[in-house]
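Let me begin by presenting the structure, written as structure tokens, before commenting on it.
All of the numbers you see were taken from the coordinates with simple rules; none came from a lab. Since the model is a prediction, treat every value here as computed from it, not as a measurement. Note: ideal-geometry Cβ built from the backbone for every residue, glycine included; neighbour counts use all protein chains shown.
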Amino acid sequence: MTRSCDVLIIGDSLGACAAAWQLGRLGLKTIMLSDHDWIGGQLTSQLTPPDEHPWIEKFGCTAGYRELRNRIRQHYYTWGGLSLKASFARHLNPGGGWVSRLCAEPRVCHDVLRGMLTPYVRNKKLEIIRVSGRGWTINGSKEQIESVVAHTANAPNETIEAKYYLDATETGSVLPLAKVEHVVGAESKSEFGEPHALDVADEECRQPETHCAVLEWHPDEDFTVPENEDYAFWSQHQPPHWPGPIFSWTYPDGRSGKSKMLPLFKDNGWDWFTYRQIVDPDLTATEFRRRATVVNWPQNDFVGPCLETKKVPELDVCTCSRNMTLSFIRWMQVEEDFKSLRPAPEHSGAELGLAQAPYIRESRRIKAMETLTELEVAADCNPGLKRAKPISNSVGIGAYPIDIHPRINGMIGIDVQSLPYQIPLGCLIPRDFKNLLPACKNIGVTHIANGCTRLHPIEWNIGESSAILAAYCIRESIDPKPVWGLIEEREKLQKLMLKQGVELDWPKNARLKPL
């Protein structure tokens, strides 16, 4: 059986949802291949509350991302059983976590995303197909994809043909399957001249994944998890450049490298539990709500390979990272006497309170017509500036520090200030491929720049912008490269993006600063 559509979105990441929403608004026939129970990637199946810049409540994101945030809050205003004080909060933070101005339950975020896409499912412009096993097979030539075979429970081999294909997977898994030129890991200093780049390129110099989990606090109860086969290793493990065992409340500061200490609980102050807290009983009128938090901390960053290799199959990576997180939970319960920490599968959608998928910080990345580097975004590379130098071919904006966790090859992390920046159009266009566009963390950026482009509002922006670019190319019967190369075509694309709610520049009067 062969089916056709305008755009096939491969993956169900946050960028995939953004692309599907935008393509629905533009009236294109779209199919999304989903390989998890929840759509939404890092926001939902990976359990990670949004990392955002300080101006997010006023400006600095697409209209679609703002609608997502507003709908999440509206869910709590309508159904959340809020306390009287919380129900009148202008900028409600339902979970009360301090990592973000909008910490919320992942299940709620999933429901909101589904609600945003429902109108296009109903009018048959969008179909979401749940795949199984390996998910999909790519058929194509050297320069383009001809079709994708979706593997589902009901139709093991369903062929889908599209005019454009969006790689919206978390790891850029379509790129090697379609033989698209791409980069894995860190580039060398000689390639782009980045100050923090390596002398020699290294594919194993990548950010770690984290298999997150949700824990509730139930005072005076015992929820100790059993010891798994990797507990003995992880409970004693000390990574390079770490001040002691990784399971402790002391960790290296990303900017200074000095040891910092943060406890699990602290009276009247910041602590790990409130860091990514997603349920705050103080904001609810419901008597039986328990405090809940997402365990996405330095202590359970999996310092092993996060992309499948011939030596390390994907299943083994996932099992090892899961075991690390379960070991950390047991360590807290047994060694630190926090037996009242209860794994909460009702919040995570998976057993033992674990995420349905590991949180992926760094993807394979296309070799693009343009590559965004440390030189454009780092504050140290642009002294005296409060925002990155303006560009004429912007397809969106972003702001976040260059935040790179200790790498899987043993190298320390990087945490340096960056400037609010614009996303160049050329970062969305593969230099050797016609009908595939990146829609997640797999755009043309370096390992260093990925540290400030991998966050929720930026990934959403990438998804929307790639969707609009695909729609424009279909409507105008033009390839992406000429759109990038011809000023008149680029300006027409940008006009469409503005109409669809994509901010292309930071407000001129905004008081911006390095982050």
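Extending 7 Å from the Cα toward the beta-carbon at both Gln417 and Ile478 defines two label points whose distance is 4.0 nm. Taking 16 Å as the cut-off, no amide N atom of the range 197-225 comes nearer than this to a point 7 Å along the Cα-to-beta-carbon line of Glu181. Here the range 131-162 and the range 361-383 have alpha carbon centers that stand 32 Å from each other. Projecting the Cα atoms of Pro156, Thr224, Thr169 onto the charge dipole of the range 109-229, computed from C-beta unit charges around the Cα centre, puts Pro156 farthest toward the positive end.
Given a Förster distance of 22 angstrom, what is the FRET efficiency for Glu57 paired with Lys508, based on the Cβ-Cβ distance and rounded to 0.05?
Values: r = 19 Å, r/R0 = 0.86.
Working from the Cβ atoms, E equals 0.70.
With r as the distance between the Cβ atoms of Arg290 and Gln238 and R0 = 35 Å, compute the FRET efficiency 1/(1 + (r/R0)^6) and round to 0.05. After rounding, the FRET efficiency stands at 0.55. Backbone N atoms of the range 381-401 closer than 18 Å to the 7 Å Cα→Cβ label point of Ile487 belong to residues 390-395. Remark on the range 209-353: ratio of C-alpha radius of gyration to 2.2 N^0.38 Å is 1.08.
Quick one: if the Förster radius is 45 Å, what FRET efficiency do Tyr77 and Arg431 give, using the C-beta to C-beta distance and rounding to 0.05? Write out the running numbers ahead of the final one.
On the way: r = 47 Å, r/R0 = 1.04.
About 0.45, to the nearest 0.05.
Past 21 Å, Cα to Cα: identify those pairs from Lys124/Lys495; Lys441/Lys499; Lys179/Lys495; Lys58/Lys499; Lys125/Lys481, in the order given. With Cα atoms farther than 21 Å apart: Lys124/Lys495; Lys441/Lys499; Lys179/Lys495; Lys125/Lys481.
Give me the number: length gained by fully extending Val334 to Lys386, i.e. 0.36 nm times residue separation minus the C-alpha to C-alpha distance, one decimal in nm.
Values: separation 52, 0.36 × 52 = 18.72 nm, distance 4.77 nm.
Contour length minus Cα-Cα distance gives 14.0 nm.
Take the Cα of Glu191, step 7 Å toward its Cβ, do the same at Glu351, and the gap between the two points is 4.0 nm. Helical runs (DSSP H, four residues minimum) scored at -39500 (n - 2.57) apiece and divided by the length of the chain put the mean residue ellipticity at 222 nm at -8000 deg cm²/dmol. The alpha carbon gyration tensor of the range 107-265 gives principal lengths a ≥ b ≥ c with a/c of 1.5 or higher and a/b no greater than b/c, which makes the shape oblate. Computed about the Cα centre, the dipole magnitude for the range 142-229 is approximately 660 debye when only Lys and Arg (+1) and Asp and Glu (-1) carry charge, each at its Cβ. Ignoring lysines fewer than eight residues from Lys386 along the same chain, the ones with Cα atoms less than 17 angstrom from its Cα are Lys508, Lys513.
Just subtract the alpha-carbon distance of Thr159 and Val200 from 0.36 nm times their residue separation and send over the number in nm, one decimal. Numbers along the way, then the final one.
Details: separation 41, 0.36 × 41 = 14.76 nm, distance 4.17 nm.
Result: 10.6 nm gained on full extension.
Can you tell me how much longer the chain between Phe265 and Glu143 gets when fully stretched, taken as 0.36 nm per residue apart minus their C-alpha distance, in nm with one decimal?
Length difference between fully extended and current span is 38.5 nm.
Note on Lys339: lysines with a C-alpha under 30 Å away, same-chain residues under 8 apart excluded, are Lys260, Lys266.
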